[in-house]
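Structure, as structure tokens:
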Amino acid sequence: MLSMKEKELIEGALRGDERASRLLFERYAPLLMGVCQRYCRTQAEAEDVLQDSFVRLFQKLPKYGFQGSFAGWARRLTVNVALKTYQRKRFQMEQSGLENITEAGGAPKAYAELGEQELLDLIQQLPDGYRVVFNLYAIEGYSHKEIGAMLGIQEASSRSQLLKARKVLQARIVARQKIAI
Amino acid sequence: MKHIDDLFRDGLSGRKGDVPADLWAKIQAARPAVPAGEALDQKFSDALRDREAPVPIGMWGRIVAARALPRKRALYALASLALLLLMGGFLYLNQGQAPVTPAATAPAVAQVDPARDLQLATTERTSTSEAVGIDQGALSERPAPSANATAARNTSNNLARNAGAESSGTQTLPGAPVGMSASEAATPPPTLMNERNTAVTSPLPSIVNFLPVTTTLPKERKQKFRLQPTKGTSFSRAPRHRSQTEMLFGGAYANQVLTASTPEDRALLSARENSEFPEVSYQITLRQSYRFTDRIVLRGGLTYVDVRNQLDYEEIVDNELVFTSRNNHLRMLEVPVLAGLTIPGKRLSVSINAGPVFNLTTAVQGSYLDPDTPEPIDLRESGNYRTYTGVGYMTSLTTTYAIGKKEPFVLVLEPFFKHYPGSFTRPGARIQESYWLAGLQLGIRKGL
């Protein structure tokens, strides 16, 4: 359920009230920035996706209809924008295979000590296809069938990408552990 | 040898080595195997699903600007459409007006010749009477009289009743004001002259009027008059007609192209690209056009250009984040020299122009964001901008429309495109800045 203030903010933004729109942005931007960072390799890319997401969010706000959680709706919308960006980029720089994986940056840490930033770094270092599928399946909770439909790929391809993403992540974590010990 | 062995055994056998303090922690951390499958997913999901990240400063400004962009585009498109519709409507409404050329006015003068009017009226009357007396159908079959002829027929009827049809054209009608000639009195109201397909029934009680004659006037044939180029021994055009002055004012979209000089300057490039947005730029032009032939024109003059950009950023004022917008200006004085190829028309003419634009002086006003400094940097004080930006190129499509008859008032509509290939910043500057402009000028033209 939406809190009263949240509802007022959305209604204000719907009326075109600039202050309400700004407050809505301030409330949800950090959460959506977190989503964008997971889907993008760099901070600049994440910022672009966040900007596009909010532009789209305000355009689509009349369609929200106060059904369900606004955060969930905004998150889904942001994921869709991130996917569109990824699909546009996919034709520009096709990247796959373990040989293209670069070493994750930052100081090595043992598995148990991996914090949010380290986990985010690991995800961001994944090849684009792996990163998107891993995000959609492991974090957003979409099924392979849904992912296949969203990305226009076979269900089996989604499974395969997920397995490869996991393998890469495991390999990276093990490598970090060895260096740390 | 045995002594040496004993020495080391006694000295070191019971020695305790230094154990690193975090060794146990490391062993403990390394103990659990790296999870696989769903467990690994869970690990990432737990940590990152609801993770919030700091939002970069200026993001709201970027969003506001990005949201405003389609609205501005729609506004410009609507304005252009409205302008086109206005122009179209204006041209359509002016289509019916008589041509301005002397050739077009000559026949009108001939029609008010009294003698000719009278002669025409007599002929008309005779033929009408014959038609009445001989064959009713023949009347309808013969060519329909023109509006002037019908008017003249009315005149002749009046004259026949009052003074006789054979009298001279200077005959004054009783009903007409004193001093007015027969033809002047007979001239029908202007509406009759201009109406097409108008049913004209004579109000006079002549024999013709007893017949159910309803004459449909023929469609006025549109005549095209165009001044022929002077040939041979005909009079040459006076030089003063070759030169015309144009005063133009218009808005433009100025596209800013920023380039980082080195990879280290990318942060600055990104900051500027994300904080500066194009506003409506404008320019005022006073120029002279000189016509060499009917088709070749040279245009030159002076143009003042104001390239405007909006700088959006957030600053902290009294511990509060305040969104600030400022305008940056790049003001230029330049000399366009354009060669034009004209497609002449009666009232509407089109000319395609192209040529260089020589910059005389450039001045900057405003500021830009630099990630290395907390405050925006003044454009002028940065010392990066040139006062002379070299040569640009311009192309335009001048459309003119003449309004009025004797000394026509010429409206000018000119879409244009300008490109400044040279950078507005000095060679050593961290960011190279260049522009292209696309806009629309409106103005007037006057012959000297």
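No value in this document is a laboratory result; all are computed from the given coordinates. Model, not experiment: these values are computed from the prediction. Because the Cβ atoms are built from the backbone with ideal geometry, glycine has one as well, and the counts that use them run over all protein chains shown.
Go ahead and collect, in residue order, the members of the stretch B:298-315 whose backbone nitrogen is under 14 Å from a label point 7 Å along the Cα-Cβ direction of B:V337.
Within reach of a label on B:V337, which here means backbone N under 14 Å from a point 7 Å along Cα→Cβ, the stretch B:298-315 contributes B:298-302.
If you project the alpha carbons of the stretch B:283-327 onto the principal axes, what extent comes out on each, in Å, largest first?
69, 15, 7
For the stretch B:250-305, compute the orientation-averaged projected area of the C-alpha convex hull (one quarter of its surface), in nm². Working shown, then result.
Details: hull surface 24.8 nm².
Mean orientational projected area (the stretch B:250-305, Cα hull): 6.2 nm².
Could you work out how much longer the chain between B:S270 and B:D318 gets when fully extended? Use 0.36 nm per residue separation minus the Cα distance between them, nm to one decimal. If you can, show how the numbers build up before the last one.
Numbers: separation 48, 0.36 × 48 = 17.28 nm, distance 2.77 nm.
Separation in residues times 0.36 nm, less the Cα-Cα distance, equals 14.5 nm.
So what's the convex hull volume per residue for the Cα atoms of the stretch A:129-181, in Å³? Intermediate results must be reported in sequence, preceding the final value.
Details: hull volume 3.2 nm³, N = 53.
Spelled out: Cα convex hull of the stretch A:129-181, divided by residues, is 60 Å³.
Can you put B:M394, A:M33, A:M150 in order of Cβ neighbours within 10 angstrom, beginning with the fewest? Show your work: numbers first, answer last.
On the way: B:M394 20, A:M33 24, A:M150 17.
Least to most surrounded, the residues fall as A:M150, B:M394, A:M33.
Expected output is a single nm value to one decimal: the length gained when fully extending between B:K406 and B:F8, i.e. 0.36 nm times separation in residues minus the C-alpha distance. What is it? Please list the in-between numbers first.
On the way: separation 398, 0.36 × 398 = 143.28 nm, distance 12.57 nm.
Gain in length upon complete extension: 130.7 nm.
Output the direction-averaged projected area (hull surface divided by four) of the convex hull of the alpha-carbon atoms of the stretch A:4-90, in nm².
On the way: hull surface 21.8 nm².
Across all orientations, the stretch A:4-90 yields a mean hull projection of 5.4 nm².
What nm distance separates the two modelled labels at B:S243 and B:L442, each placed 7 Å from Cα along Cα→Cβ?
Between B:S243 and B:L442, the simple spin-label model gives 3.0 nm.
If you rank B:I444, A:I139 by fewest surrounding Cβ atoms within 10 Å, what's the result?
On the way: B:I444 15, A:I139 23.
So the ranking, lowest neighbour count to highest, is B:I444, A:I139.
Where Lys and Arg each count +1 and Asp and Glu each count -1, what net charge lies around B:T425 among other residues with Cβ under 10 Å from its Cβ? Provide the component values of the computation, followed by the final result.
Numbers: positive: B:R386, B:R426, B:R430; negative: B:E433.
Around B:T425, the charge tally is +2.
Beyond 32 Å, what share of the Cα-Cα pairs of the stretch B:239-447 remains, rounded to the nearest whole percent?
Details: 6453 of 21736 pairs.
Across the stretch B:239-447, Cα pairs with separations above 32 Å total 30 percent.
Ranked by Cβ crowding within 10 angstrom, fewest neighbours first, how are B:T285, B:T361, B:T342 ordered? Kindly include the intermediate steps, with their values, before the conclusion.
Values: B:T285 22, B:T361 11, B:T342 19.
Placing the least packed residue first, the sequence is B:T361, B:T342, B:T285.
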